[in-house]
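Notes to accompany the following structure.
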Amino acid sequence: MKRNKTLKSLVGLALSASILASTTAFAQLVSVSSIVEHPALDSIRDGVKQALTDAGYTEEKGLKWQFQTAQGNTAIASQIARKFVGDKSDVIVAISTPSAQAVVAATKSIPVLYSGVTDPVAAQLVPSWDPSKTNVSGVSDMLVLEKQLELIKKVAPDAKTVGMVYNPGEANSVVVVERLRELLSANNMNLVEATAARTVDVGAAARSLVGKADVFYTNTDNNVVSAFEALVKVGNDSKIPIIASDTDSVSRGAIAALGVNYYDLGVQTGKMVVRVLKGEKPGDMASETSDQLELFVNPGAAAKQGVTLDDAFIKSATKIVE
């Protein structure tokens with residue numbers, strides 16, 4: 001009788017442990033911050049969530065997920081970062097350079113994974129591209145600028161001066177401007193710049209480059225991408241071709257873009273989140289990039305901006321936007 005009770009007790013304990021494991025296995029909080037909502041950054045967020053779902057981490061199984069955007073305001077980004085730290089998040093995913101900088105400044109202990117950051121070293125998120133030995137790692141959207149210049153020459157072969165609107169407060173944009181200036185100079189071309197510290201400044205900044213720039217190039221500057229239609233209007237009105245590095249911008253009026261798939265970048269980031277949730281430390285994980293580039297082309301935008309595209313170039317596109 002005593003043996004049966006002991007056996008039942010052991011079975012009961014095993015069942016309780018099993019039930020507890022099944023209900024709490026994914027009782028972890030993943031907090032996601034983004035500087036602003038626009039197609040590229042939203043795609044990263046959605047990709048992260050999909051990677052978690054694919055790995056079995058769902059809200060139905062106990063995963064806690066929260067997302068907040070700073071609406072383009074770095075002060076709000078810092079507030080969100082402090083809230084996520086106060087919430088005792090298990091992992092914080094910071095999408096974009098400003099959000100990542102805010103989160104990294106707010107915690108040295110909670111695991112942080114950045115995404116959509118052009119240069120994490122220049123942004124002082126990690127000391128190098130190697131494992132940081134800190135609480136930070138992530139996925140960069142850095143592009144090889146030589147390939148961007150090749151694209152510019154294919155769309156506007158006679159262009160000598162490239163115009164760029166950017167936010168001087170974004171470290172990722174400053175890095176691109178500096179490197180692009182050097183690259184263009186080495187190719188007997190020039191860069192003219194106009195700054196837009198706010199999204200409402202993008203249109204005026206673009207207009208200031210009319211008569212100076214032969215072609216516009218945009219990186220993934222969050223202010224410019226958020227107000228991309230303002231840049232497109234200037235390009236269409238002034239017949240200045242627009243080349244982007246964000247493929248989502250092609251459907252919004254850019255002629256072409258050679259860039260990463262931001263949804264896939266989010267999935268790549270999400271897989272790193274899963275590794276952290278399973279016990280791996282960000283400091284033991286090297287920062288990653290993506291070499292899966294896609295070419296999007298918009299012949300309609302080309303016509304509006306006074307450009308005739310080569311048929312072979314159009315056919316080489318991953319996606320042709322009508």
Hey, does the range 295-304 have a residue that's touching a Leu at 6+ places or on another chain (Cβ under 7 Å), part of a helix (DSSP H, G or I) and farther than 30 Å from residue 64 by Cβ?
yes
Would you check if there is a residue in the range 114-121 being surrounded by fewer than 22 Cβ atoms within 10 Å (Cβ to Cβ) and in a loop (DSSP other than H, G, I, E, B)?
yes
How many of the residues in the range 150-164 are assigned to a helix (DSSP H, G or I) and either in contact (Cβ under 8 Å) with a residue 40 or more places away in the chain or under 23 Å from the mean Cα position of the chain (by Cα) (or both)?
5
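For (1) modelled with pLDDT of 95 or more; (2) over 17 Å from the mean Cα position of the chain (by Cα); (3) basic (Lys, Arg), each residue gets a yes or a no:
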| residue | (1), (2), (3) |
| --- | --- |
| 108 | yes, yes, yes |
| 121 | yes, no, no |
| 126 | yes, no, no |
| 131 | yes, yes, no |
| 136 | yes, no, no |
| 148 | yes, yes, no |
Filter the range 62-77 down to the residues that are in a helix (DSSP H, G or I), over 19 Å from residue 111 (Cα atoms) and either in contact with a helix residue (DSSP H, G or I) (Cβ under 8 Å, 6 or more places away or on another chain) or open to solvent by less than 20 Å² (accessible area, probe 1.4 Å) (or both) and list them by number.
74
Looking at (1) farther than 25 Å from residue 294 by Cα; (2) open to solvent by less than 10 Å² (accessible area, probe 1.4 Å); (3) part of a loop (DSSP other than H, G, I, E, B), find the lone condition where residue 254 falls short.
(1)
Residue that is surrounded by the fewest Cβ atoms within 10 Å (Cβ to Cβ) [pool: residues in the range 259-287 that are of a type in the set (Gly, Ala, Ser) and farther than 16 Å from residue 132 by Cα]
279
If residue 156 meets every condition in (1) in contact with a Ser or Thr (Cβ under 7 Å, 6 or more places away or on another chain); (2) open to solvent by less than 30 Å² (accessible area, probe 1.4 Å) apart from one, which number is that one?
(1)
Hey, among 141, 87, 54, which residue is farther than 27 Å from residue 225 by Cβ and either open to solvent by less than 10 Å² (accessible area, probe 1.4 Å) or touching a Ser or Thr at 6+ places or on another chain (Cβ under 7 Å) (or both)?
87
Name the one entry in 32, 48 that is modelled with pLDDT of 95 or more, surrounded by 15 or more Cβ atoms within 10 Å (Cβ to Cβ) and in a strand (DSSP E or B).
32
Scanning the range 260-279 residue by residue, the ones that are at pLDDT below 95 and outside any helix (DSSP H, G or I) total 2
Residue in the range 290-304 that is most open to solvent (accessible area, probe 1.4 Å), counting only those that are over 15 Å from residue 316 (Cα atoms) and at pLDDT 95 or above:
304
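The values are calculated or read from the model by the stated rules, or taken from the named source; none is laboratory data. Bear in mind the structure is a predicted one, so any value in this text is a computation, not a measurement. So basically every Cβ, Gly included, is an ideal-geometry build from the backbone, and we count neighbours across all protein chains shown. These area figures cover heavy atoms from the full protein model, side chains too; ligands, DNA and RNA do not enter into them. Shrake-Rupley method; radii C 1.70, N 1.55, O 1.52, S 1.80 Å.
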